[in-house]
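Let me begin by presenting the structure, written as structure tokens, before commenting on it.
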Amino acid sequence: MIFVAPPQWRGLWPRAVALLDREPGWLADGAVVVAQHDPSESVPLDLAYLELADERSYGRVRFTFFAAAAHE
């Protein structure tokens, strides 16, 4: 599991997840990437190897979960 929790309001969480997506060899099989951010910072990401698996909000905190995308 990789937990991404950068300072909020700086656009860092999408950049961190995109970097992990560009380097899939950094992730073990079955790895999960969890990004913590303010719900208002949610943005769609164009990812090749990771896909949105779940999102959970608790007050002003959102956890966005990514897992390896199924490739055929």
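The values are calculated or read from the model by the stated rules, or taken from the named source; none is laboratory data. Just so you know, these numbers come straight off a predicted model, no measurement behind them. In this analysis, Cβ positions are derived from the backbone assuming ideal geometry, glycine residues included, and neighbour counts consider all displayed protein chains. Just the protein is used for accessible areas: all its heavy atoms, side chains included, with ligands, DNA and RNA removed. Shrake-Rupley method; radii C 1.70, N 1.55, O 1.52, S 1.80 Å.
Here the 3J(HN,Hα) profile of the stretch 23-30, calculated from phi with Karplus coefficients 6.51, -1.76 and 1.60 at θ = phi - 60°, is 10, x, x, 6, 9, 6, 4, x Hz, Gly and Pro shown as x. A simple rule links phi to the HN-Hα coupling: the Karplus curve 6.51 cos²θ - 1.76 cosθ + 1.60 with θ = phi - 60°, which for the stretch 42-57 gives 5, 9, x, 10, 8, 10, 9, 10, 10, 9, 4, 10, 5, 9, 9, 10 Hz, with x for Gly and Pro.
When a 1.4 Å probe is rolled over the protein heavy atoms, the share of accessible surface on the chain that falls to carbon and sulfur comes to 54 percent. Rounded to the nearest 20 debye, the dipole size of the chain about its Cα centre is 380 debye, using +1 on the Cβ of Lys and Arg and -1 on the Cβ of Asp and Glu. A Gaussian network model of the chain, with springs between Cα atoms under 10 Å, assigns the largest mean-square fluctuation among 51, 23, 41 to 23.
Heavy-atom accessible surface of the chain, averaged per residue, reaches 67 Å², computed with a 1.4 Å probe.
What's the long-distance tail for the chain, i.e. % of Cα pairs beyond 14 Å? Before the final figure, lay out each step's value.
Values: 1410 of 2556 pairs.
Of the Cα pairs, 55 percent sit more than 14 Å apart.
Give me the net charge for the shell around residue 32: Cβ to Cβ below 12 angstrom, other residues only, Lys and Arg +1, Asp and Glu -1. Show your work: numbers first, answer last.
On the way: positive: none; negative: 29, 51, 54.
Here the charged neighbours net out to -3.
Here the Gaussian network model covers the chain, with springs between Cα atoms less than 10 Å apart; of 28, 18, 48, 28 fluctuates the most.
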